[in-house]
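The values are calculated or read from the model by the stated rules, or taken from the named source; none is laboratory data. Note that the coordinates shown come from a computational prediction; the quantities given were computed from them, not determined experimentally. Cβ sites come from the backbone with ideal geometry, for glycine too, and all protein chains shown count toward neighbours.
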């Protein structure tokens, strides 16, 4: 940094520099004058000196012959300090102080324009300094114009400003809110209003909107208040496009004058915004309805009603968005009075989760037709889920109710546990035999069972019913157990009570699927419609005649029509004969009737399932299963737990 250049701008430096330069000039002039005086013989050593043209001139200070020559460059005499090469800057006025135009103005040298900084040039042209003239192109011109514009705006009257704004504006004063001013926009919407009238009589629109109490509160408290999106009905006295209904946001602002206080009522038209919001809400509502319709179309449209169970289910979509959930349930009649009950949950939301859910539900129904044990069904689903979408995880519970055994066998893939309530009100949690979710692979699922006697009730559900963000899931299950223990009535009523007890409403943030089934206690006339009869067969040639005689007697006691009784006896004979030929002891014949069908079932110790095949005319065997399939409404076979198989057929009762 050049210290000389910058030090010249420090306060006092310019005066000292100017004084030093003046002293140098004086000494140089004095030396020159004395030399000339000696050469001229003292002729010019008096009060004046003669110039080159022979005339006598005055000194620079107004006296004759005493000051330095202003027209000549001073030269340093012997021993004198030479002047610096850097020019000095005149001393600037200190901030906040007006520069003295006479201070250091005569002797201080000036700085060339090329050495001035832009800030110095701007300061030198400032109109605040005396002697500076601001021309048309000076830097002070824009600032002066801005000040003039601000003064013009400040001079505008408030009445003119409020009259020009497009929003509605009205000014009232006094405790009765008498009208002081209404602008043209207010008149176009509500019509003309008389000045000086009380607001209760002259401003009925504010009374209808309920703004008078708010205006009283604003006047007393001195704080502004706002009410948003108030609907203003159309009025006959209104003009222009505002003869239709509109929406306005009203802001009441207190006004205080020297002698009174009032309220400024400012209303902004938000009709377009409100209508846009309504259109958006209607669009979201339509999208949500479409999503819920899609979700429900993937669920059973009507639940199958088994003969021995009462079943009800409900689905509650979560949230208000249009995303589709992955919760699902199903009820599948397996034949021979057995029923499969399924519930599952595909993690996540959206069309992809719904698509995976639909494929899994279809696969479950297909696997259920094979009449496999619950753990084998989940094993097949596990592999299928990994093939459908490895990134999707699903949970599932598959349970089978067998009325002959009075038990519920089940298997779970990462799902929340089944709850069973005994007839005495005790609630059991089936949390065993639970494996990882579907799609993980590498796990062997197992099946378990628990009693489901007459009078017992069970519930299957998804985690949306019990899971909360601020609580552990075990707390939710415990809350469900408590609610389930006190929920009585039909399955439909129990579903509603559980949803209310767990706080499930329309704005719940997760989907909820709930499946409730009961094994009812039958008494009176209903009890006469449900009967069971069984016969153990040891094999041998007498087994078939015994089976025919047993079936004939039992069906006659049940007062079946003769045609149905004969068909039942023929079916029992063929199934027993097939078991005697292809099965192994022990064998058993089971006859069962419900209010809708007759069921004939034969079990044995062999695991090979029979198949219906086409017999040639010359074949003496192989027609038994074909005969049963022809005369019965349905037939099937399955492997039994512990080894062996069961072959069954059904006959629909007349009028059912």
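Screening 499, 480 for residues that are within 20 Å of residue 326 (Cβ to Cβ), part of a helix (DSSP H, G or I), touching a helix residue (DSSP H, G or I) at 6+ places or on another chain (Cβ under 9 Å) and at pLDDT 90 or above leaves exactly one candidate, 499.
Taken together, the criteria place residue 470 among residues that are at pLDDT below 90 and assigned by TED's automatic domain parsing to the domain that holds residue 326. Selection of segment 188-211 for residues being in contact (Cβ under 8 Å) with a residue 24 or more places away in the chain, surrounded by 14 or more Cβ atoms within 10 Å (Cβ to Cβ) and part of a helix (DSSP H, G or I) yields 188, 189, 190, 199, 205, 206.
Residue 288 meets each of the listed conditions (1) not in a helix (DSSP H, G or I); (2) not assigned by TED's automatic domain parsing to the domain that holds residue 175 apart from (1). Taking the stated definitions as given, is residue 472 surrounded by fewer than 21 Cβ atoms within 10 Å (Cβ to Cβ) and touching a residue at least 12 places away in the same chain (Cβ under 8 Å)? Considered against the rule, which asks whether it is surrounded by fewer than 21 Cβ atoms within 10 Å (Cβ to Cβ) and touching a residue at least 12 places away in the same chain (Cβ under 8 Å), residue 472 comes out as no. When you go through (1) closer than 14 Å to residue 652 by Cα; (2) touching a residue at least 40 places away in the same chain (Cβ under 8 Å) one by one for residue 590, which number turns out not to apply? The failed condition is (1).
Restricting attention to segment 522-565 and to residues that are within 60 Å of the chain's Cα centre (by Cα), at pLDDT below 90 and not in a helix (DSSP H, G or I), the residue that is surrounded by the most Cβ atoms within 10 Å (Cβ to Cβ) turns out to be 522. Scanning segment 413-432 for residues that are crowded, with 17+ Cβ neighbours inside 10 Å and under 27 Å from residue 393 (Cβ atoms) yields 413, 414, 415, 416, 417, 418, 419, 420, 430.
Before we move on, is residue 434 in contact with a strand residue (DSSP E or B) (Cβ under 6 Å, 6 or more places away or on another chain), over 29 Å from residue 592 (Cα atoms) and modelled with pLDDT under 95? Criteria met by residue 434. Checked against (1) modelled with pLDDT of 95 or more; (2) touching a helix residue (DSSP H, G or I) at 6+ places or on another chain (Cβ under 8 Å), residue 515 passes all but a single condition, namely (2).
Residues in segment 279-288 include at least one that is surrounded by 15 or more Cβ atoms within 10 Å (Cβ to Cβ) and over 30 Å from residue 218 (Cβ atoms).
Here residue 508 passes the criteria (1) surrounded by 13 or more Cβ atoms within 10 Å (Cβ to Cβ); (2) under 55 Å from the mean Cα position of the chain (by Cα); (3) modelled with pLDDT of 85 or more except the one numbered (3). Listed residues 345, 382, 389; which is under 30 Å from residue 294 (Cβ atoms), surrounded by fewer than 23 Cβ atoms within 10 Å (Cβ to Cβ) and at pLDDT below 95? Matching residue, one of 345, 382, 389: 389.
Taking the conditions exactly as written (closer than 30 Å to residue 601 by Cα and crowded, with 18+ Cβ neighbours inside 10 Å), does residue 264 satisfy them or not? Considered against the rule, which asks whether it is closer than 30 Å to residue 601 by Cα and crowded, with 18+ Cβ neighbours inside 10 Å, residue 264 comes out as no. Quick one: would you say residue 298 is surrounded by 11 or more Cβ atoms within 10 Å (Cβ to Cβ), over 26 Å from residue 163 (Cβ atoms), touching a helix residue (DSSP H, G or I) at 6+ places or on another chain (Cβ under 8 Å) and not assigned by TED's automatic domain parsing to the domain that holds residue 492? For residue 298, the condition - surrounded by 11 or more Cβ atoms within 10 Å (Cβ to Cβ), over 26 Å from residue 163 (Cβ atoms), touching a helix residue (DSSP H, G or I) at 6+ places or on another chain (Cβ under 8 Å) and not assigned by TED's automatic domain parsing to the domain that holds residue 492 - is met.
Comparison of 386, 411, 366, 399 shows that the only residue that is part of a helix (DSSP H, G or I), within 26 Å of residue 519 (Cα to Cα) and in the same structural domain as residue 328 (by TED's automatic domain parsing) is 366.
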